[in-house]
Amino acid sequence: RGLPVICVADVEVSAEFFRKTLGFSIDFLHGEPPFYGSVSRGGACVHLKFVHEPVLAVGAQDRGGFITAFIEVENVKALYAEYVTAGAMFDQKLKKQAWGGRDFIVRDPDGNGVCFVGPAA
């Protein structure tokens, strides 16, 4: 099973976003200032890596469709409702997909798209 690594401009700011807005726990922050870290929630774990500039040159017109990490969840509807209440910024609201599942995409402070996906039921 793969582990997503998201490239960010500030590991501490990103970790706080995952903690405060998305309900993740901060597992560790490494370095002073932190240049690597890990956040997790339930069975999902995401690593955060400091970069001086974006790894990929994604233009503003492409940014909405750019997804950095996919996270599988059991109750995607409940998680979406929780994130609406927490004030998360969505690139895509909860949507039933043609392949049968439901998903939504949250945008992090660095513009990375994090897709939460689950079964349609």
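The values are calculated or read from the model by the stated rules, or taken from the named source; none is laboratory data. Please read these numbers as outputs of a predicted model, since none were measured by experiment. All Cβ positions, glycine included, derive from the backbone under ideal geometry; neighbour counts span all protein chains shown. Surface areas here come from the heavy atoms of the whole protein model, side chains and all, with no ligands, DNA or RNA. Shrake-Rupley method; radii C 1.70, N 1.55, O 1.52, S 1.80 Å.
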Looking only at the range 22-39, count how many residues are open to solvent by less than 30 Å² (accessible area, probe 1.4 Å) and among the polar types (S, T, N, Q).
1
Please indicate, with yes or no, whether at least one residue in the range 95-103 is among the acidic types (D, E) and either open to solvent by 50 Å² or more (accessible area, probe 1.4 Å) or modelled with pLDDT under 90 (or both).
no
Odd one out for T68, checked against (1) at pLDDT below 95; (2) open to solvent by less than 30 Å² (accessible area, probe 1.4 Å); (3) hydroxyl-bearing (S, T, Y)
(2)
Working only within the range 1-50, note down all residues that are assigned to a strand (DSSP E or B) and polar (S, T, N, Q).
S25, S38, S40
Of all residues making up the range 108-121, the number that are within 20 Å of A9 (Cα to Cα) and surrounded by 18 or more Cβ atoms within 10 Å (Cβ to Cβ):
4
Where the second residue is outside any strand (DSSP E or B) and the first is farther than 20 Å from P119 by Cβ and lies in the range 77-96, which pairs have Cβ atoms under 6 Å and are six or more apart or on separate chains?
A86/T21; A88/T21; D91/G64
Those residues of the range 82-94 which are surrounded by fewer than 17 Cβ atoms within 10 Å (Cβ to Cβ) and among the charged types (D, E, K, R), in sequence order:
E82, K93
